[in-house]
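The values are calculated or read from the model by the stated rules, or taken from the named source; none is laboratory data. Everything numeric in this text was worked out from a predicted model, so none of it was measured. All Cβ positions, glycine included, derive from the backbone under ideal geometry; neighbour counts span all protein chains shown. Accessible surface areas use protein heavy atoms only, side chains included; no ligands, DNA or RNA. Shrake-Rupley method; radii C 1.70, N 1.55, O 1.52, S 1.80 Å.
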Amino acid sequence: MRTAALAALILAAPLGACVSVTANDYGDHVMARAVPGDFGEATLMNASGARTGRAVLTQGATGLLIRIEVSGLTPGWHGVHIHSVGQCAAPFTSAGAHVNHGIPAKPHGLLSAGGPDDGDLPNIFAASDGTATAELFTTRARIASEGPGEWLWDADGSAIVIHANPDDHASQPIGGAGDRVVCGVMAAG
């Protein structure tokens, strides 16, 4: 009976909701609840201010999942980074540098011997029509109040930036990713 009630509660949760389940002393699952602060979103904008997509952030137990849906890119690979300021005034330099709270700060690059910095993410690929859909995962950033990674909801917020070129994941300071072509301020969902 409890299993059916638990399944019904989980199925009734909003799409994409993260549900935590607790157990009593007998191992029975007795309660499920959505964990507040586990979701975020960023509306992605190009340099002209047009909406080009969105990024949905979901906090997991071991890291942050970022789902990106974007259009208007040139076909091919594009670098993606988490930037330290929640501002997206074109040409998006207002988003600051990458999130990089380590002391000393780590060098850029998923393939860098001393890196990666906290804002480094894998590249995304835009199809011939300029659209890209991707899921990226990082253990170096978080939107939950506790857990692994750097907290993105600090006083000046954070932004996600898509660059014109691919990130080579090694060269400094941004892996040759080039201009910032899309930006989205991350906000709690």
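The table below lists the values:
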| item | result |
| --- | --- |
| Residue within region 41-62 that is at pLDDT below 95, touching a Ser or Thr at 6+ places or on another chain (Cβ under 8 Å) and among the hydrophobic types (A, V, I, L, M, F, W, C) present | no |
| Among (1) in contact (Cβ under 8 Å) with a residue 60 or more places away in the chain; (2) exposed (fewer than 14 other Cβ atoms within 10 Å of the Cβ); (3) over 12 Å from the mean Cα position of the chain (by Cα); (4) over 19 Å from residue 52 (Cβ atoms), the one test that residue 175 misses | (2) |
| Residues of region 59-84 satisfying the condition of being surrounded by 19 or more Cβ atoms within 10 Å (Cβ to Cβ) and under 23 Å from residue 144 (Cβ atoms) | 59, 64, 66, 68, 80, 81, 82, 83, 84 |
| Tabulated pairs, region 37-53, first in contact (Cβ under 8 Å) with a residue 12 or more places away in the chain and of a type in the set (Phe, Trp, Tyr), second surrounded by 21 or more Cβ atoms within 10 Å (Cβ to Cβ) and not in a strand (DSSP E or B), C-beta under 9 angstrom, 6+ apart or interchain | 39/143 |
| All positions within region 128-141 that are crowded, with 20+ Cβ neighbours inside 10 Å and either over 15 Å from residue 52 (Cα atoms) or under 11 Å from the mean Cα position of the chain (by Cα) (or both) | 138, 140, 141 |
| Residues of region 150-168 satisfying the condition of being open to solvent by 30 Å² or more (accessible area, probe 1.4 Å) and of a type outside the set (A, V, I, L, M, F, W, C) | 150, 154, 156, 165, 166, 168 |
| Residue check for residue 125: of a type outside the set (S, T, N, Q), over 19 Å from residue 56 (Cβ atoms) and modelled with pLDDT of 90 or more | no |
| Matching residues, region 55-83, being closer than 20 Å to residue 165 by Cα and outside any strand (DSSP E or B) | 71, 72, 73, 74, 75, 79 |
| Of residues in region 18-40 being closer than 23 Å to residue 143 by Cβ, open to solvent by less than 70 Å² (accessible area, probe 1.4 Å) and in a loop (DSSP other than H, G, I, E, B), the one modelled with the lowest pLDDT | 18 |
| Qualifying residue in region 168-186 (condition: hydrophobic (A, V, I, L, M, F, W, C) and in contact with a Pro (Cβ under 8 Å, 6 or more places away or on another chain)) | yes |
| Every residue from region 85-109 that is closer than 24 Å to residue 41 by Cα and either of a type in the set (Ser, Thr, Tyr) or surrounded by fewer than 20 Cβ atoms within 10 Å (Cβ to Cβ) (or both) | 85, 87, 89, 90, 91, 93, 94, 96, 97, 101 |
| Condition met for residue 125 (buried (at least 17 other Cβ atoms within 10 Å of the Cβ), within 19 Å of residue 165 (Cβ to Cβ) and among the aromatic types (Phe, Trp, Tyr)) | no |
